Amino acid sequence: MGSAPLTAPPATSTTMTAVLLVLGSSVVAAALGHVLTGLRTGATIRRDRYAAAVKLLVARIEYPYRIRRRTSDEPEVLTTLAAAGHDLQESLAETRAWIATESTVLSEVFDHCLTQLDAPFKQACADAWNAAPVTTAAGMNLGGFGVGNQQHLATTMERALAYRFGLRRLMPSWLLRHLFKRSGLLP
C-alpha cells in the first residue's frame with residue numbers, strides 16, 4: 001500500500017490560522033499593555049505617597065517654628081495652631097500605616113527618622129509654647145531657636161526611597177535591610 005501524496009492545506013485553513021495568530025497576538029498585546037499600565041499607575045501612586053511622607057517629615061520639622069512665630073495668644077490663633085498639630089499627627093499615623101503595608105524596611109527607615117526627630121521636636125514645641133508671641137518684624141528672626149538642622153532626615157528618607165522603584169523594588173527585604181544598615185540609612 002502506498003501512502004497518500006502530501007498536499008497543501010486548503011486556503012481556508014491557512015487563512016483561519018493567520019486570523020487566529022493576529023487575534024491571539026492582539027489579545028496578548030492588550031493584556032501586556034494593561035499590565036504595564038497598572039505597573040505605571042502603581043509606581044505613580046507609590047511615588048506620590050512617598051513624596052507626601054517626606055513632606056510630612058519637613059512639616060514636623062517646621063511645626064515648632066509656626067508655634068514660635070505666632071503673633072498672639074488669642075483663642076483663634078491657638079485653635080488654628082492646635083488644629084495644625086492635630087492634622088500633623090493624623091497624617092503621621094496614616095502615613096506610618098501606609099508605609100508599613102507597602103514596605104517593612106522603608107517603614108523602619110521612616111520610624112527611625114521620626115525617632116531621631118522626636119526629642120528635638122518636643123523640646124522646640126515646649127520652648128515655642130512657653131515663649132511670648134512675636135509682635136515685631138524683628139521678632140520673626142528666631143536666631144538659634146528650633147529643632148536644629150534636620151535636613152539629613154529628609155535626605156535619609158529620599159535615599160531609601162530609590163529602592164522602591166524600578167528593578168531594585170524586587171530586592172528581598174533581608175537584603176535591602178542589610179544594604180540600608182551598611183549605608184547608614186538604618187542603625
### Message
Of all residues being open to solvent by less than 40 Å² (accessible area, probe 1.4 Å) and touching a Ser or Thr at 6+ places or on another chain (Cβ under 9 Å) in region 107-132, which is nearest to Tyr63 (Cα to Cα)? Just the residue, please.
### Response
Cys113
### Lone unmet requirement of (1) over 20 Å from the mean Cα position of the chain (by Cα); (2) open to solvent by less than 90 Å² (accessible area, probe 1.4 Å) for Phe180
(1)
### Task
Could you run through region 124-160 and say how many residues are in contact (Cβ under 8 Å) with a residue 24 or more places away in the chain, polar (S, T, N, Q) and assigned to a helix (DSSP H, G or I)?
1
### Task
Test Thr79 against the criterion of being touching a residue at least 60 places away in the same chain (Cβ under 8 Å), among the polar types (S, T, N, Q) and farther than 25 Å from Gly184 by Cα, and give yes or no.
no
### Subset of region 175-187 [assigned to a helix (DSSP H, G or I) and within 22 Å of Thr115 (Cβ to Cβ)]
Leu176, Arg177, His178, Leu179, Phe180, Lys181, Arg182
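The values are calculated or read from the model by the stated rules, or taken from the named source; none is laboratory data. Remember, predicted model here, so these are calculated numbers, not experimental data. Every residue, glycine among them, receives a Cβ derived from its backbone with ideal geometry; neighbour counts consider all protein chains shown. With ligands, DNA and RNA removed, areas are computed over all heavy atoms of the protein, side chains included. Shrake-Rupley method; radii C 1.70, N 1.55, O 1.52, S 1.80 Å.
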